[in-house]
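The values are calculated or read from the model by the stated rules, or taken from the named source; none is laboratory data. As the structure is a prediction and not an experimental result, all values here were calculated from the model. Cβ placement follows ideal geometry from the backbone for every residue including glycine, while neighbour counts extend to all protein chains displayed.
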Amino acid sequence: MKHRGEISVFLVLMLSVLSSFIIVLIMHVRIFISRSEAAYAMNNAVRSCFGEYNKAVYQEFHIFLIDSSYKGIDGGCDAVADHFSSYLENSTISADSVHVEAVSVSDEQLYEAAALYAQEKTGIDDRVSEDGYYIEGFKQIVTDYARGNGSPGFDLANCYTGVRFYADITDRAGTAISLEREFSYDKILP
């Protein structure tokens, strides 16, 4: 009868180790879930920004692009970043900082769109020269069309076919995370 509490002491020690393991496991799951929610919110914000392509320009000229003026007057990368931040805030994720790098519409894309547009209008598949005059004339046609269809601040120089978003986000667990997402219309279209 000398060893009367051995089993109790053993069980207490085992219970403390087991409970510590369970607590650590729960904390890791909580961190993983909050990071997953932040990544999901960022993906949704990116898709929402690109879901707002200029429909009038796409329907008439078959060019997917983000009109960074968002039917307003001023545009540019800062306008896209502000729009992106508002989508993040709507998902209850706070963005500490947002940086945007954008890919403008290339002359090659405009040339292909211009050739397709000319073929639709005239019925002739005749590729014209890729000189600057032809592209500049087509840019003016696209700009005038977009401005006439509800985008007074439309400017092809501030329209983008691809954007890379960088964001420093604080997730629900209070952890600061740096995320980067890239999206381009060229990667989703055949």
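May I ask you to list the residues in the stretch 1-39 that are within 18 Å of Y87 (Cα to Cα) and either at pLDDT 90 or above or among the aliphatic types (A, V, I, L, M) (or both)?
Quick first cut of the stretch 1-39, residues within 18 Å of Y87 (Cα to Cα) only: 34-39.
Correct list: A38, A39.
Of the numbered conditions (1) at pLDDT 80 or above; (2) under 22 Å from R35 (Cβ atoms); (3) more than 13 Å from the chain's Cα centre (by Cα), Y87 satisfies every one except a single condition; which is it?
So the condition that Y87 fails would be (3).
In this structure, is D107 touching a helix residue (DSSP H, G or I) at 6+ places or on another chain (Cβ under 6 Å) and among the charged types (D, E, K, R)?
Criteria met by D107.
Considering only residues of the stretch 71-96 that are among the acidic types (D, E) and outside any helix (DSSP H, G or I), which is farthest from F50 (Cα to Cα)?
In the first step, residues of the stretch 71-96 are kept if they are among the acidic types (D, E); the result is 74, 78, 82, 89, 96.
Still in the running and outside any helix (DSSP H, G or I): 74, 96.
Working: D74: 18, D96: 22 Å.
The residue in question is D96.
Run I66 past the list (1) under 16 Å from the mean Cα position of the chain (by Cα); (2) more than 16 Å from N158 (Cβ to Cβ) and report the number of the one that doesn't hold.
Going through (1) under 16 Å from the mean Cα position of the chain (by Cα); (2) more than 16 Å from N158 (Cβ to Cβ) one by one, I66 breaks only (2).
When you look at S16, is it part of a helix (DSSP H, G or I) and either within 28 Å of I177 (Cα to Cα) or under 34 Å from the mean Cα position of the chain (by Cα) (or both), yes or no?
Details: part of a helix (DSSP H, G or I): yes; either within 28 Å of I177 (Cα to Cα) or under 34 Å from the mean Cα position of the chain (by Cα) (or both): no.
Taking the combined requirement at face value, the residue does not satisfy it.
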